[in-house]
Amino acid sequence: MTYATGQAWSLKNIDEPDARIVIGRIEPAAQLDGQTVIHCTIFDAVIADTGDGTGPGPLTFGHIPFTEAAFAASVDTLIDNKAATAEAFDEGYYQWAEAMGGAFSGTVAATLADVLQGARD
C-alpha cells in the first residue's frame, strides 16, 4: 500500500465508529536506522473522562509517530485523501524532531491502550 500525507483511515480493533487516523508527514528517521515513520493525528479513537467536568468525550492525539509496519497493521479503510491533522500536530512534530524521537512499533489499538493505562497508573 502507498500512504500519503492527508490520507484519513479507519482503524482496526477500535470500538469507536468515528475513529480515524490522519497522516501529517511521512519520512525516514535516521535515528531509527532509516525506517519510515508515519506521523499522524488520531481522532475519536478513545472516549475518556479528562477530569474537566464535561464528562467522557473523544480524545484527539495531535501528533503520534508510528513505524510504517505498525501503521499498516492498524488501518482498515481509506476514508479521505485531503484530511487535516489537529492544530497540535506541527508543535508535536517539531518537538519530536528536536528530540530525535522514536516511533511506536505496536498497533494503534495496543499503543493507545498502553498510553491510557499509563495515564491511569
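Observations
- Once backbone amide H atoms are built at 1.01 Å from N, Arg25 has His39 as its partners under 5 Å, excluding neighbours fewer than 5 places away on the same chain.
- For Thr85, net neighbour charge (Lys/Arg +1, Asp/Glu -1) across residues whose Cβ lies under 15 Å away: -3
- Residue among Gly106, Gly34, Gly51 with the largest mean-square fluctuation in a Gaussian network model of the chain, springs linking Cα atoms under 10 Å: Gly51
- Once both labels are positioned 7 Å from their Cα atoms along Cα-to-Cβ, the gap between Gln117 and Thr5 label points is 3.5 nm.
- Whole-number percent relative contact order across the chain, with pairs defined as alpha carbons under 8 Å at least 6 apart: 27
- Stretchable slack from Thr54 to Asn81, in nm (0.36 nm times residue separation minus alpha-carbon distance): 6.5 nm
- Among beta bridges from DSSP that stay inside segment 8-120, the antiparallel ones total about 95%.
- Globularity ratio of segment 1-72, using Cα Rg and 2.2 N^0.38 Å: 1.25
- D_trans [Stokes-Einstein, Kirkwood Rh over alpha-carbon pairs] for segment 8-120, 25 °C, 0.890 mPa s, µm² s⁻¹: 170
Bear in mind these aren't lab numbers, they're just calculated from the coordinates by the rules spelled out. Because the structure is a prediction, the values reported are computed rather than measured. Don't worry about glycine lacking a Cβ; one is built from the backbone with ideal geometry, like all the others, and counts go over all protein chains shown.
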